[in-house]
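**Q** Here it is, the structure in full.
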Amino acid sequence: MWAFILGGSSGLGLATAKELAKKGTDLLLVHRDGRIATKTFSDEVEQLMKEYSIKIKTLNVNANTDEGKEQIKSWLGSIEKQTIKYFIHSVADGHIKPLFSNETPTLSEEDILYTLNSMGVSFVTWSQWLFANNLFAPKTKIFSFTSMGSQRTIPHYAAVGAAKAVLETMCRYMAYELAPYNISVNLLCAGVVPTKAIRVFPEVEKFIDEIKGKNPYHRLTTPEDVAKLLVALSSDETTWLTGQVIPIDGGEGNVY
């Protein structure tokens, strides 16, 4: 059985890949990296294959272009039907800008629509394509990652926050419509995670210090924290859990 991960070379996607590898799950990893990052990622892939005796296939492509989508679909054409057991959508490709400012560039309509499609709508459209092509295994688990930015304001996060709100709405509808096929759909709502994406925020060090002070554990959420919970929820015995947004933040969201 395969795990298909969109955005599998870093952050939450890579951490999830590593945890699934420990279970002996074969991996299909789509990523978008430059030459140096790809070399580091390739080394990690080689190590995982050696350590856990699994198959890993990778594709370095932009999943948000028509050409990239066609390449991924062609690449998945060699996979046997009904063998993708896990679909993890971990795409972090959006615009971090204010809506209104006299000092810095603001979100354009194109910026907003791109972010909504990249980080929200594509969760649905890839699930639809996998379903239509009979690639989902029995009791497939579909996951993506949301954040408190869908409900609360974070500086310059409007487009991404809107995309996360799309994810949460679509998760409920997908779970409802896929339940007759014994496929579950859930989102993990992580606390603030120290990934590359967070570095684009204004006054990021101050922001990180504030979150650490607020969190009961006085640290940020790690990708490994999130991945371990995802894998714990990936058992065939947890199909009854579906359509949910599940917090994984060390209690951060409970503190004002």
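The values are calculated or read from the model by the stated rules, or taken from the named source; none is laboratory data. Bear in mind that the values here come from a model prediction, so they are computed numbers and not experimental data. Neighbour counts run over all protein chains shown; Cβ positions are idealised from the backbone, glycine included. We work out accessible area using only protein heavy atoms, side chains counted, and drop any ligands, DNA or RNA first. Shrake-Rupley method; radii C 1.70, N 1.55, O 1.52, S 1.80 Å.
**Q** Roughly speaking, to the nearest percent, how much of the chain's 1.4 Å accessible area is carbon and sulfur?
**A** 54 percent
**Q** Still on this structure: Take the Cβ-Cβ distance between residue 224 and residue 36 as r, set R0 to 22 Å, and report the resulting FRET efficiency rounded to the nearest 0.05.
**A** Step by step, r from the Cβ atoms, then E = 0.40.
**Q** Given an 8 Å cut-off on Cα distances and at least 6 residues of separation, report the relative contact order of the stretch 1-128 as a percent.
**A** Relative CO of the stretch 1-128 lands at 27 percent.
**Q** A follow-up question, please. Compute the semi-axes of the equivalent ellipsoid of the stretch 114-201, taking the square root of 5 times each eigenvalue of the Cα gyration tensor, and list them largest first in whole Å.
**A** Computed over the stretch 114-201, the values are 27, 12, 12 Å.
**Q** Not counting ligands, DNA or RNA, and with a 1.4 Å probe, what is residue 39's accessible surface area in Å² rounded to the nearest 10?
**A** Rounded to the nearest 10, that gives 120 Å².
**Q** Working from Cα positions, state the angle (0 to 90°, nearest 10) between the long axis of helix 11-22 and the longest principal axis of the chain.
**A** That works out to roughly 30 degrees.
**Q** Counting only the heavy atoms of the protein chains, how much of residue 127 is accessible to a 1.4 Å probe, in Å² to the nearest 10?
**A** 10 Å²
**Q** With no solvent and one point on each alpha carbon, what is the Debye value of log10 I(q)/I(0) for the chain at q = 0.08, 0.14, 0.15 Å⁻¹?
**A** Normalising to I(0) and taking log10 leaves -0.30, -0.97, -1.12.
**Q** Along the Cα→Cβ direction, 7 angstrom out, place labels at residue 176 and residue 74. What is the inter-label distance in nm?
**A** Each label point lies 7 Å from its Cα, and together they span 3.9 nm.
**Q** Counting heavy atoms of the protein chains only and a 1.4 Å probe, report the per residue accessible area for the stretch 75-123 as a whole number of Å².
**A** 53 Å²
**Q** For the Cα atoms of the chain, what angle does the longest principal axis make with the long axis of helix 223-232, in degrees from 0 to 90, nearest 10?
**A** 40 degrees
**Q** Separate question: Could you pull out which residues in the stretch 13-30 have an amide N less than 17 Å from a spot 7 Å beyond the Cα of residue 217, following the Cα-Cβ vector?
**A** 13, 15-16, 19, by backbone N distance to the label point.
**Q** Looking at the chain as a GNM with Cα springs under 10 Å, which of 166, 204, 193 has the largest mean-square fluctuation?
**A** In this elastic network of the chain, the residue with the biggest mean-square fluctuation among 166, 204, 193 is 204.
**Q** In deg cm²/dmol, rounded to 500, what helix-only [θ] at 222 nm does the chain give when every DSSP H run of at least 4 residues adds -39500 (n - 2.57) and the total is split over its residues?
**A** The helix contribution divided over the chain gives -12500 deg cm²/dmol.
**Q** Whole number in Å², please: accessible area per residue of the stretch 130-209, 1.4 Å probe, ligands, DNA and RNA not counted.
**A** 47 Å²
**Q** At a Förster radius of 30 Å, what calculated FRET efficiency corresponds to the Cβ-Cβ distance of residue 50 and residue 245, to the nearest 0.05?
**A** My answer for the efficiency is 0.25.
**Q** Who wins for biggest fluctuation among 65, 16, 25 in a Gaussian network model of the chain, springs between alpha carbons below 10 Å?
**A** Largest GNM mean-square fluctuation: 65.
**Q** Accessible area of residue 156, 1.4 Å probe, to the nearest 10 Å²?
**A** Here the accessible area works out near 60 Å².
**Q** I would also like to ask the following. Against the 2.2 N^0.38 Å scaling, with N counting residues, where does the stretch 201-252 land? I'd like the Cα-based Rg ratio to two decimal places.
**A** Normalised Cα radius of gyration, the stretch 201-252: 1.46.
**Q** On to the next question. With a 1.4 Å probe and all protein chains left in place, how much accessible area per residue does the stretch 2-48 have, in Å²?
**A** That works out to 39 Å² per residue.
**Q** Taking 2.2 N^0.38 Å as the expected size of a compact globular protein, what ratio does the Cα radius of gyration of the stretch 39-111 give against it, to two decimals?
**A** Against the compact-globule rule of thumb, the ratio is 1.62.
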